[in-house]
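Student: Have a look at this one before I ask anything.
The values are calculated or read from the model by the stated rules, or taken from the named source; none is laboratory data. It should be emphasised that the depicted structure is a prediction, and the values quoted were computed from it without experimental measurement. Ideal geometry is used to build each Cβ from the backbone, glycine not excepted, and the neighbour counts take in all protein chains shown.
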Amino acid sequence: MAREAELRLREQLSKLKSLPLLRGARLSGDLERLQRQLDRIVAEPSDEEIWHAVQLARHEDRPYTLDYVERLFEDWFELHGDRHHGDDAAVVAGLGRFRGATVVLVGNQKGRDVKERTRRNFGMAYPEGYGKAMRAMELADRHGFPLISLVDIPGAYPGVTAEQHGQGGAIARAQSLMARLRTPIVTCVIGEGGSGGAIATALADRVLMQENAIYTVISPEGCAAILWRDAGEARKAAAAFKPDAAHCLELGVIDAVVPEPEPGAHADYDEAARLLGEALGESLEIFEGVSGEDLRRQRRVRFRTIGQVSATR
Amino acid sequence: MSERIDVSIEHKHAPPQDGGRPHPNTCPECGSHYRDDELEANLRVCPHCGHHFPVHARERILQLTDEDSFAEEAAELRSDDPLGFFDLRPYTERLAEAELSTGLGEAMVIGRAAIEELPCELAVMEFGFMGGSMGRIVGEKFVRACEGATERGVPLVSVTASGGARMQEGILSLMQLPKTVCAVEDLRDSGGTLISVMAHPTTAGVLASFASLGDVIVAEPGALLSFTGPRVVQQTTREKLPEDFGLAESNLRHGHVDAIVPRSDLRPTVARLLRLFSNGA
């Protein structure tokens, strides 16, 4: 599978190299970026590099959804509330103009200082948060606006009320709604793609991951606590389940890696936003002119075929 | 004659075995102890207090379906080890051990069946196989069950018992959530029906995907149906948990399941639903 990912990148790279320099400087930036992705894939990330990604994905200065919204969207209008009983500040949803066209965005949102962190529950959504996201998704579908989702969630909130309000069912129904949408969906994991909380807004036509983001079925600490019976073994767990972007690309779980400025997105918000905006824009272009029926059929096929087992043991 | 003697009273409060863990045939609620054939004859429900013991997939299928009606599908599918996962032991070793102890190739058994002469497709989970965890083969089998139901125009009945996604398959196990959800959507588009029976425990990734998408959801009494288990909630929040935290009864009260059905009523209840959804056809 590494081979496939590598071939895909090589193909892109050769295409770009043979193009006349119509777009000048931007194109050479693309070349460099692809070359870097290729280098990364060919050299499989070491355990150290994987743990470094875990740390960067959780870096307290890492840009969050609203930092990107501010830099990428015009006329942003934030929507509040799930129209049932609450407004979960761990999830943001809204309308904005992205590259001249109206899009709907949903994203997870962590807080910057102690007060905001508490208000946003450290980015851990309640069922009300998925309810808000679903309302925004339906709005996108109704009006034919593309949907962008930015994923950055340690995990769904493990609390009593969250369970009583139907955490599991809410995550299932959010995915089920995304599988029905007739509008293009692009997701990018911009920090922590934590388990069910992440997949609730990630059933997309195209899934991207920032270079230093992680995408996991369980937190490294949670996995270590269960399998090693010691949460302190998180490093070992992360090395074993490989949540970094290069591995996710290799496994076919994501379609592309979005580069970050060195040494990470936290170092330069503007540049990180520019690179993300480019990737989102290119991704949306792919689906221009594709009918709603085809979109959702292909979307379902995408998830039907991820990681399919070919051989029997 | 001797087989008919009820020894449950003598065996009450059987001493703990196996490093302090009670014997699997000792009721954790009331301490009554039973011979295996006694429990089997009573659908693995404690005759004394009504506690529902876990049921293995094969036995569940026998309990639910008409005699000899079940024809298994995709039995040959086996997981491989996409990540070369090694915790304290290699994943492949855990798989081999699970197959040996359960006699099953994976944590889900699917096939065509009839319940009270009503044809259906069946997908039954085996908690004994690595905690009923959902990896790529469980996801694949569920999808095939949906496709089988669609092809034959029959409802799909799922019986879940799962600790969640299979960590040893990393991010690919998380991908089984959207995969099974998409399969349910295809089933729905074709006019198909999903009846979801939640047995103990239906948690995490399985609760957060196909199990919660049943047209009708019924649960067994006392089953734990929670996205996050009580221990983790307790540790994270330090909140005092309600007595019935995450249990079927609490889920019914909060509106997440349609009914709690004792095991003795499960077969007739599922049959009734199959009749209703077939609408006389």
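Student: Which one of these does residue B:272 not meet: (1) over 17 Å from the mean Cα position of the chain (by Cα); (2) without any contact (Cβ under 8 Å) to a residue 60 or more places away in the chain; (3) within 20 Å of residue A:171 (Cβ to Cβ)?
Tutor: Residue B:272 satisfies all of (1) over 17 Å from the mean Cα position of the chain (by Cα); (2) without any contact (Cβ under 8 Å) to a residue 60 or more places away in the chain; (3) within 20 Å of residue A:171 (Cβ to Cβ) except (3).
Student: Related question: Tally time: how many residues in the range B:53-79 are out of contact with any Leu (no Cβ under 7 Å at 6 or more places or on another chain) and either within 14 Å of another protein chain (Cβ to nearest Cβ) or under 13 Å from residue B:102 (Cβ atoms) (or both)?
Tutor: Result for the range B:53-79: 11.
Student: Part of a loop (DSSP other than H, G, I, E, B) and at pLDDT 95 or above: is that true of residue B:159 in this structure?
Tutor: No, not satisfied.
Student: Would you pick out the residues in the range B:92-110 that are in contact with a Leu (Cβ under 9 Å, 6 or more places away or on another chain) and either at the interface with another protein chain (Cβ under 9 Å from one of its Cβ atoms) or β-branched (Val, Ile, Thr) (or both)?
Tutor: Correct list: B:105, B:109, B:110.
Student: Hey, another quick one. Considering only the range B:109-132, state which residues are under 11 Å from residue B:271 (Cβ atoms) and either out of contact with any strand residue (DSSP E or B) (no Cβ under 8 Å at 6 or more places or on another chain) or buried (at least 21 other Cβ atoms within 10 Å of the Cβ) (or both).
Tutor: B:115, B:116, B:117, B:118, B:120
Student: Picking from B:214, B:205, B:222, B:280, which residue would you name as being within 28 Å of residue B:174 (Cα to Cα) and either modelled with pLDDT under 95 or at the interface with chain A (Cβ under 9 Å from one of its Cβ atoms) (or both)?
Tutor: Only one candidate qualifies: B:205.
Student: Can you name every residue in the range B:235-261 that is in contact (Cβ under 8 Å) with a residue 24 or more places away in the chain and surrounded by fewer than 14 Cβ atoms within 10 Å (Cβ to Cβ)?
Tutor: Passing the criteria: only B:259.
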